[in-house]
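Enquirer: Here you go, one structure.
The values are calculated or read from the model by the stated rules, or taken from the named source; none is laboratory data. These numbers come from a predicted model, not from an experiment. No Cβ is skipped: glycine too gets one built from the backbone with ideal geometry, and neighbour counts run over all protein chains shown. When the accessible area is computed, the model is the full protein with side chains, heavy atoms only, and any ligands, DNA or RNA have been set aside. Shrake-Rupley method; radii C 1.70, N 1.55, O 1.52, S 1.80 Å.
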Amino acid sequence: MLPIVFPTVVHMLAATAALHPARRALVMGDIGLDYRELLDAVGGLARELAGLHGGRTFRCERIAIVLPNSVEMCIATYAAHALGAQVVPLNPLYTGRELEAILADAEPAMLIHDAARQALLAPIVQRLHIAHTVAIDVGGAQLARWMRAAAPLPQPLPGPDDLAFVQYTGGTTGRSKGVNLSHGAVSTNVSQREGLLPTAREGERILCVMPLFHTYALSMGLHLAAYCGGALVILPRYHPRDTLQAIANEGITILPGSPTIFNGLMAHADFGNTDFSHLHTCYSGSAPLSLETLRRWEAAVGCPIYEGYGQTEAGPVLTYNPVSGLRKPGSVGIALAQTEVQIVDTESGTQVLGVGERGEIRARGPQIMRGYRNLPVETAEALRDGWLYTGDIGEIDADGYLTIRDRKKDMVIVGGYNVYPREVDDVLFMHPAVVDAASVGTPDAYRGEVLRSFVVLRAEAGTTVEELLAHCAQNLAKYKVPVTITVVDALPKTAVNKTDKKVLREDARRAFA
């Protein structure tokens, strides 16, 4: 049975504000709001937005938000939802070209943006004929005005069947796709996650270092805090020093992170002197976590990392290692309540495979997307017979635990053998000198494709490429050993701290053409 499921995250916020009005809700620098103040601000901004729209709500319309991590970003998201709008959260670091392409597809009725981006966005708004714009001075006087207004939430609030988000995928493999998620999908997924990873009913302090325009930070940060009545401590951006200071100074109890974040924190000079005594839970998502990273973190910090799996199209969470019960390092856990996960053949996608067999992961449950905006062909490919085909390769063991092997499109065929780059990356991470690693396939006239790896080494390591290749040869079949290993200062990352393999492939093809 699921924990309580709210119709929408706005209902969730209102319920928490009614039960715990004086509890701290949002913290950022010198700014701190309790739940009553947060709800007042949401109502105040919602009334202003409705006034710009002729006193009407935004049912069946979209509001795009281009704001950095901030208290204002959280308030704007809840206010737009309260007005019935489908929220389109966008990366504030996107270029004008990137923003214009997505805004043209989303066709928002309103754009809420950082006042600092006015010059960039004004001509885009004019070209796309966006009816209303609201410029927010982050950290400015508008926050106090919204709270003073203390306006009630608009009524009626949206329902679970109404659309909540158009979450645009990163677009590292082509055009960004807008994922349509309903309020029911988003809110139910919070409760599904709570079933495997229960939070305390009092005193949780959650650190938000992931970008709030992304589904991971929204689900495992903003919505998680509202569900448990905890405080969301927001950093404007991820930096290892600032993150370590916040963990200690803010008494952080829950850290949602990614492999890049955990590796970066452990590599920082302040890591060994940081007070982690309040931290009891870490979540890892967004990208695969190596076993070596997990082991080193838990040995040093004494706090478990619970690894899970999902994607934007899945609301976003499908599986997690549970707090109560067996936790299997290296796996991404078991399916959430009301969720089915299967492994099927990669050709037809119809043959269900057995225990330990590798194939494409498909899933179904109440958190799955409605489809991609304006992309019927892609929607039909991803959603078949009620199943979401994830494009990820994995296997399920006899206990029902899922292990991710790689992306279907990342699989490299070397001389007729299937090679999953993640397996090679995991071996590289086993070497004590390696801080970060990624492997990609490139064309080869003789073998069809070959594997090439890129690594970031510890500054004091003194390790050679020859030693790394020997390490791979000791732990991998010959055809899996990369033909080259290139030492770099840093791996390219997307806005959500995933390794950008598209850039790596292009670099490798140019370097080894």
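Enquirer: Hey, could you check region 415-457 for residues that are modelled with pLDDT under 90 and assigned to a loop (DSSP other than H, G, I, E, B) and say which is least open to solvent (accessible area, probe 1.4 Å)?
Expert: Among those residues, the one meeting the criterion is Tyr420.
Enquirer: Also, I was wondering about something else. Need at least 1 residues that are within 21 Å of Ile247 (Cβ to Cβ) and touching a helix residue (DSSP H, G or I) at 6+ places or on another chain (Cβ under 9 Å) per element, so show me which strands (runs of 3 or more DSSP E) inside region 167-237 make the cut, counting only ones lying wholly within it.
Expert: By residue number, 205-208, 231-234.
Enquirer: Separate question: Could you tell me whether Thr260 is surrounded by 15 or more Cβ atoms within 10 Å (Cβ to Cβ) and at pLDDT 95 or above? Walk me through how you get there before you give the answer.
Expert: On the way: surrounded by 15 or more Cβ atoms within 10 Å (Cβ to Cβ): yes; at pLDDT 95 or above: no.
When the stated conditions are applied, Thr260 does not pass them.
Enquirer: When you scan region 50-93, how many residues do you find that are open to solvent by 10 Å² or more (accessible area, probe 1.4 Å), among the aliphatic types (A, V, I, L, M) and under 22 Å from the mean Cα position of the chain (by Cα)?
Expert: Final tally of qualifying residues: 1.
Enquirer: Only residues that are of a type outside the set (Val, Ile, Thr), part of a helix (DSSP H, G or I), without any contact (Cβ under 8 Å) to a residue 40 or more places away in the chain and out of contact with any Lys or Arg (no Cβ under 9 Å at 6 or more places or on another chain): list them for region 265-319, please.
Expert: Leu265, Phe271, Gly272, Asn273, Leu294, Arg295, Arg296, Trp297, Glu298, Ala299, Ala300
Enquirer: Something else now. Would region 263-277 turn up any residue that is modelled with pLDDT of 95 or more and hydroxyl-bearing (Ser, Thr, Tyr)?
Expert: Among the residues of region 263-277, at least one is modelled with pLDDT of 95 or more and hydroxyl-bearing (Ser, Thr, Tyr), which makes the answer yes.
Enquirer: Which of the residues that make up region 79-126 are among the basic types (Lys, Arg) and closer than 17 Å to Leu67 by Cβ?
Expert: Arg117
Enquirer: Can you say whether Ala85 is of a type in the set (Gly, Ala, Ser) and touching a Gly at 6+ places or on another chain (Cβ under 8 Å), as far as the supplied structure shows?
Expert: So Ala85 does not fit the description; no.
Enquirer: So, one more: Looking at region 376-385, can you tell me whether even one residue there is in a loop (DSSP other than H, G, I, E, B), open to solvent by 20 Å² or more (accessible area, probe 1.4 Å), out of contact with any Phe, Trp or Tyr (no Cβ under 8 Å at 6 or more places or on another chain) and at pLDDT 95 or above?
Expert: yes
Enquirer: Only one of these conditions is not met by Leu143: (1) within 28 Å of Leu235 (Cβ to Cβ); (2) open to solvent by 40 Å² or more (accessible area, probe 1.4 Å). Which number is it?
Expert: Leu143 satisfies every listed condition except (2).
Enquirer: Okay, moving on. Limited to region 148-207, what total is found for residues that are within 26 Å of Pro3 (Cα to Cα), open to solvent by 10 Å² or more (accessible area, probe 1.4 Å) and among the hydroxyl-bearing types (Ser, Thr, Tyr)?
Expert: Residues flagged as within 26 Å of Pro3 (Cα to Cα), open to solvent by 10 Å² or more (accessible area, probe 1.4 Å) and among the hydroxyl-bearing types (Ser, Thr, Tyr) within region 148-207 amount to 3.
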